[in-house]
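What follows is one structure encoded as C-alpha cells, with my remarks underneath.
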Amino acid sequence: VDGTSYFASQTVGSCESALRVEVVATVENPSAPTANAAQSFCTIDAPTVADLTTLTGTNIQWYDAAVNGNLLASGTALVDGTSYFASQTVGSCESALRVLVVVSISNPAAPTGNPNQIFCNEDNPTVADLQATGSNIQWYLTAPAGTVLNPSTTLVDGSAYFASQTVNGCESVNLFQINVTINAVTLAINSITEPTCGESDGSISVLASGGNSPYTYTWSNGVVSNEINSIPGGQFTVDVIDINGCSANLTELVDCILPVIPEIITPGGNGKNDTWVIGLNTVYPEMTVKIFNRWGNEVFTASPYLDDWAGKCNTGIKMGDEFLPNGTYFYLIDLKNGEKPLSGYIELVR
C-alpha cells in the first residue's frame, strides 16, 4: 500500500533477528496522457504511428487496445477508422490508463474532365489552359506526382499531364491524365499568276496544312475559298481556320507585269495605233513620258501621260502642223515608283 511502512528481519541459522529494518513503500501510477480524440490524416502522406500526437505526456507508447494489447512500432501504418491508445511513462512507471485516439484518413477522388484536350499553337498554350473539374487543382508531368508544374509552363504537343485535387487539405493520390494535342496550322502559296499592269487577270491559290480539316479560307477582298481569281496587282491577305478554331494567315504582295509597250504608232485615221497606248496610266497615274528624236532633242513630254500621243510635238522647236516626221524616236517612261525609268524606241509612221 502506497505510503505504508514494512519491516524486514533476517534469519541466520535458526535465529531470527530481533531488530527489523523499516521500508516505506511508494506505489506510483502515472495518469494517462491527453490527446485530441479524433485525428485526421491524408493517404498521400502515408501516415504512421509516429504521426499520432498527444497534448500532454512523456515517453509516449502506442497500443492497439485500451488494456494489454500490442505495442505498436513507430513505423506501423495507420488504418482509417481504427482506434489507437497511448500511455505515458513517468520515471520508470508506465500509466495503467491509456488515452483513446480514433484515426480518419482521407483520399479524395481524382479530378475529372476531357482526357484529350486540343490547343492552338498561335495561342501559346500553358499549363494554366488545361481544364479539369475539381478543387485546388495541381498539375504534374508524371504519375505518381512529381514536381508541381508552374501555371506558366508551356504545353508540349503529344505530352501527357496529370492533375490532382485537394479537398480539406488532402491531395488525391490518384491523378487524372490529360493528353495534349497542339494544332499548328500553316499556310503556303500553291500558285501565283501575276496580272498584267492595269488589268485584273491575276490569281493566287494557297493550301493549308496541320491542324484538322476542313479549313475555312477568307481573303481580304471577301472571297471565301483557297483561291482568288481576276485580281489586279496589290497586297492580299488570307486567313484560314481549321475545325478546332486554330488559325493562320498569310499576306502576299502581287506585282503586276508591265504590258508590252507598242513599238510603232500610225496616226492618221486608220483606227489602229492612232495614239501610243501604253496602258499604265491607271496603275501609275503620276507617270511621266518623254519622247526624243534621233538627235536627242526632246519633242514630247506629258505628266501624267494619258495614252494620247499621236505623233505631235509639244516641246522644243515646233514646225508646221506640229506632227513629227516619220522615223525612229527614243522614249523614257518614268512610272514614279522609285524604279529606273523604262526606255526604248518607237517607230512613227504617218
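The values are calculated or read from the model by the stated rules, or taken from the named source; none is laboratory data. Source: prediction; values computed, not measured. Every residue, glycine as well, gets a Cβ built from its backbone with ideal geometry; the counts of neighbours run over all protein chains shown. In case anyone asks, the SASA skips ligands and DNA or RNA and just uses the protein heavy atoms, side chains included. Shrake-Rupley method; radii C 1.70, N 1.55, O 1.52, S 1.80 Å.
Yes or no: Leu100 closer than 24 Å to Asn29 by Cα, surrounded by fewer than 16 Cβ atoms within 10 Å (Cβ to Cβ) and in contact (Cβ under 8 Å) with a residue 40 or more places away in the chain? Please lay out each step first, then the result.
On the way: closer than 24 Å to Asn29 by Cα: yes; surrounded by fewer than 16 Cβ atoms within 10 Å (Cβ to Cβ): yes; in contact (Cβ under 8 Å) with a residue 40 or more places away in the chain: yes.
Spelling it out, Leu100 is indeed closer than 24 Å to Asn29 by Cα, surrounded by fewer than 16 Cβ atoms within 10 Å (Cβ to Cβ) and in contact (Cβ under 8 Å) with a residue 40 or more places away in the chain.
Given the criteria out of contact with any His (no Cβ under 7 Å at 6 or more places or on another chain) and in contact (Cβ under 8 Å) with a residue 40 or more places away in the chain, does Asn244 qualify? Yes: the conditions hold for Asn244. Screening the stretch 7-81 for strands (runs of 3 or more DSSP E) wholly inside it with 1 or more residues that are polar (S, T, N, Q) and in contact (Cβ under 8 Å) with a residue 12 or more places away in the chain returns the ranges 38-42, 61-63. Please go through the stretch 45-94 and pick out each residue that is open to solvent by less than 60 Å² (accessible area, probe 1.4 Å), among the β-branched types (Val, Ile, Thr) and closer than 30 Å to Thr166 by Cα. Across the stretch 45-94, the qualifying residues are Thr48, Val49, Thr54, Thr76, Thr82. Restricting attention to the stretch 1-44, the residues being surrounded by 13 or more Cβ atoms within 10 Å (Cβ to Cβ), under 15 Å from Leu78 (Cα atoms) and not polar (S, T, N, Q) number 3.
What residue, of Ser225, Ser213, is in contact with a strand residue (DSSP E or B) (Cβ under 9 Å, 6 or more places away or on another chain) and surrounded by fewer than 16 Cβ atoms within 10 Å (Cβ to Cβ)? Quick ask: steps written out before the conclusion?
Details: Ser213 fails: in contact with a strand residue (DSSP E or B) (Cβ under 9 Å, 6 or more places away or on another chain).
Being in contact with a strand residue (DSSP E or B) (Cβ under 9 Å, 6 or more places away or on another chain) and surrounded by fewer than 16 Cβ atoms within 10 Å (Cβ to Cβ) holds for just one of Ser225, Ser213, which is Ser225.
Residue-wise test of (1) polar (S, T, N, Q); (2) in contact with a Phe, Trp or Tyr (Cβ under 9 Å, 6 or more places away or on another chain); (3) without any contact (Cβ under 8 Å) to a residue 60 or more places away in the chain; (4) more than 30 Å from Pro108 (Cβ to Cβ).
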| position | (1), (2), (3), (4) |
| --- | --- |
| Gln165 | yes, yes, yes, no |
| Leu175 | no, yes, no, no |
| Thr181 | yes, yes, no, no |
| Val185 | no, yes, no, yes |
| Ile189 | no, no, no, yes |
| Thr193 | yes, no, yes, yes |
| Val240 | no, yes, yes, yes |
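Could you look through the stretch 181-210, keep only residues that are among the small types (Gly, Ala, Ser) and within 24 Å of the chain's Cα centre (by Cα), and pick out the one that is least open to solvent (accessible area, probe 1.4 Å)? Walk me through it before giving the result.
Residues of the stretch 181-210 among the small types (Gly, Ala, Ser): 184, 188, 191, 198, 200, 202-203, 205, 208-210.
Keeping just the survivors that are within 24 Å of the chain's Cα centre (by Cα) gives 184, 188, 208-210.
On the way: Ala184: 47, Ala188: 53, Ala208: 20, Ser209: 56, Gly210: 36 Å².
Filtering the stretch 181-210 for residues that are among the small types (Gly, Ala, Ser) and within 24 Å of the chain's Cα centre (by Cα), the one least open to solvent (accessible area, probe 1.4 Å) comes out as Ala208.
One residue stands out among those in the stretch 139-150 that are touching a residue at least 12 places away in the same chain (Cβ under 8 Å) and open to solvent by 80 Å² or more (accessible area, probe 1.4 Å): the one that is nearest to the chain's Cα centre (by Cα), which is Asn150.
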